[in-house]
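Below is one structure, written out as structure tokens; comments come after it.
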Amino acid sequence: MRAGEKSGRNPGAAKSVILLWLWGGPSQLDTFDPKPNAPLDYRGPFSTIPTKISGVRFCELFPKLAGLTDRLAIVRTLTSQSNDHGIAGTIGLTGSAAGGTGLDGKPLQGSPRPALGAVVAKAMNRRNGLHPFFVVGGKLHQGKKAIIGEGGGSFGPAFDPFRLEYDPATGTKVPALQLPTNLTPERVADRQTLLNAIGKLERRTEELTSAGALDDYRSRALAMLTNPASAVLFDLSKEPAAVADRYGRTRFGQSCLLARRLVEGGVPFVQVNWSDHVEAEEDAGDGGWDHHYRNFQIMQDRHAMWLDQSTSALLTDLHDRGLLSSTLVLAVGEFGRSPKINDKAGREHWPGCYSALLAGGGVAGGRVVGTSDARAEKPADTPLTPADLNATVQYLVGLTSEQITGIGLTPVGRVIEELF
């Protein structure tokens, strides 16, 4: 990677990536692949609206995004291998089911691959004092179990994400940057001086081992602790009130605003978690997309409005700041919802066909990739997988298959050339 940086390797169109992770699985029919001609017990109660793409319609709850389709692309034929949130989440974040653990608690064979964010971070590490991979939101859970695949995997803990959390009541929380009450920045500096002195005895060895990577991680955390500029970057009070209002004063909205600040500050990969848990608040969760019941009520009252407002604000803000062409935005969940509505006004898990939105970073706007069948149950053409999405992101940041192999990974998936 150092040799690539010194040779001026073209990092691709995307200099940064923002992944909007819609944890719990949004319904394709109630978002970006409605089926107005399907029977009522499939299409649901919502009408459809036109977009800027001729013949393409969205659910009526997404008017802002419908007005921006000239800047984004829709993939309508994603399929996953599992209807278990935990395993499908691992597949979505890493491109592989290896090591994933479902509700039964039994891990699948193989070692977990690094998260997509870790791969991009390793390839695009700019060494600007900030960690290259941020997650805004808590660890992803199914039930009370954290899922596999959100971290550095085989790259080691140096490429685990640096985590921020936004709370509408208290603002941005930076757990890793909160000093214990008895540890001042001055004491931190003293400790670093001591570590540097000890490190001279082992420096040559550390350059050849993974311990060197851990030291790199530690130094970045220290830099963020002691650098006031980093604290400012995380402080949303620095944004004009009108900008914060445009994103929406919700956890997801302000997390999207924080993501924009991070990529503007030079962070290569930011993942925004819609929620920590898949379940809605009424189901002891924190507002995920797992709508087995009350799907239409929750969509109308909260989820659709928040997703439409915040994502459209992010895309518009990036465009207005001249950042959209170099920032890839991807919005997707781990699977979709069943086309047939159940007896609780909800939809079940559905890995057979679901949608994703992409914009910026080399993706051509105004296009749809793939066509689902008449009820959005399966692809009618162009079936695609999370591995294909991951391969496409890696391509857009300039990673070749040789470079992927060079960092110890086997390339998976195919680049979705229809997006360019």
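The values are calculated or read from the model by the stated rules, or taken from the named source; none is laboratory data. What you see is a predicted model; the values in this text were computed from it and never measured. Reconstructed Cβ throughout: ideal geometry from the backbone, glycine too, with neighbour counts over all protein chains shown. The area values use the complete protein model at the heavy-atom level, side chains included, leaving out ligands, DNA and RNA. Shrake-Rupley method; radii C 1.70, N 1.55, O 1.52, S 1.80 Å.
Here are the numbers:
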read-out: Tally, over the stretch 118-146, of residues that are at pLDDT below 95, at negative phi and either touching a Leu at 6+ places or on another chain (Cβ under 7 Å) or open to solvent by 10 Å² or more (accessible area, probe 1.4 Å) (or both); value: 13
read-out: Qualifying strands (runs of 3 or more DSSP E) (wholly inside the stretch 23-141; at least 3 residues being under 24 Å from GLN300 (Cα atoms)); value: 48-50, 57-59, 72-78
read-out: Residue that is surrounded by the most Cβ atoms within 10 Å (Cβ to Cβ), among those in the stretch 92-114 that are within 12 Å of PRO386 (Cα to Cα) and in contact with a Phe, Trp or Tyr (Cβ under 9 Å, 6 or more places away or on another chain); value: GLY92
read-out: In the stretch 390-415, residue nearest to LEU19 (Cα to Cα) [restricted to those that are without any contact (Cβ under 8 Å) to a residue 40 or more places away in the chain and in contact with a strand residue (DSSP E or B) (Cβ under 9 Å, 6 or more places away or on another chain)]; value: THR392
read-out: Meets criteria (open to solvent by 10 Å² or more (accessible area, probe 1.4 Å) and modelled with pLDDT under 95) for ARG2; value: yes
read-out: Filter pass, ALA345 being open to solvent by 10 Å² or more (accessible area, probe 1.4 Å), under 19 Å from LEU78 (Cβ atoms) and more than 19 Å from the chain's Cα centre (by Cα); value: no
read-out: Matching residues in the stretch 402-414 - criterion: being closer than 22 Å to GLN81 by Cβ and either modelled with pLDDT under 95 or open to solvent by less than 40 Å² (accessible area, probe 1.4 Å) (or both); value: ILE404, LEU409, THR410, PRO411, VAL412
read-out: Filtered residue count, the stretch 361-385, keeping only those that are within 20 Å of the chain's Cα centre (by Cα) and open to solvent by 10 Å² or more (accessible area, probe 1.4 Å); value: 5
read-out: Count of residues meeting criterion [in contact with a helix residue (DSSP H, G or I) (Cβ under 7 Å, 6 or more places away or on another chain), without any contact (Cβ under 8 Å) to a residue 60 or more places away in the chain and part of a helix (DSSP H, G or I)] in the stretch 269-309; value: 1
read-out: Out of VAL278, VAL329, VAL263, sole residue that is buried (at least 21 other Cβ atoms within 10 Å of the Cβ) and modelled with pLDDT under 95; value: VAL278
read-out: Residues of the stretch 34-54 satisfying the condition of being open to solvent by 50 Å² or more (accessible area, probe 1.4 Å) and in contact with a helix residue (DSSP H, G or I) (Cβ under 9 Å, 6 or more places away or on another chain); value: PRO36, ASN37, PRO45, PRO50, LYS52
read-out: Which numbered condition ASP290 fails, given (1) over 26 Å from ARG126 (Cα atoms); (2) crowded, with 24+ Cβ neighbours inside 10 Å; (3) in contact with a Leu (Cβ under 9 Å, 6 or more places away or on another chain); value: (3)
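Yes or no, residue by residue, for (1) without any contact (Cβ under 8 Å) to a residue 40 or more places away in the chain; (2) not hydroxyl-bearing (Ser, Thr, Tyr):
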{"position": "ALA66", "(1), (2)": "yes, yes"}
{"position": "THR77", "(1), (2)": "no, no"}
{"position": "HIS85", "(1), (2)": "no, yes"}
{"position": "THR90", "(1), (2)": "no, no"}
{"position": "LEU93", "(1), (2)": "no, yes"}
{"position": "LEU108", "(1), (2)": "yes, yes"}
{"position": "GLY129", "(1), (2)": "no, yes"}
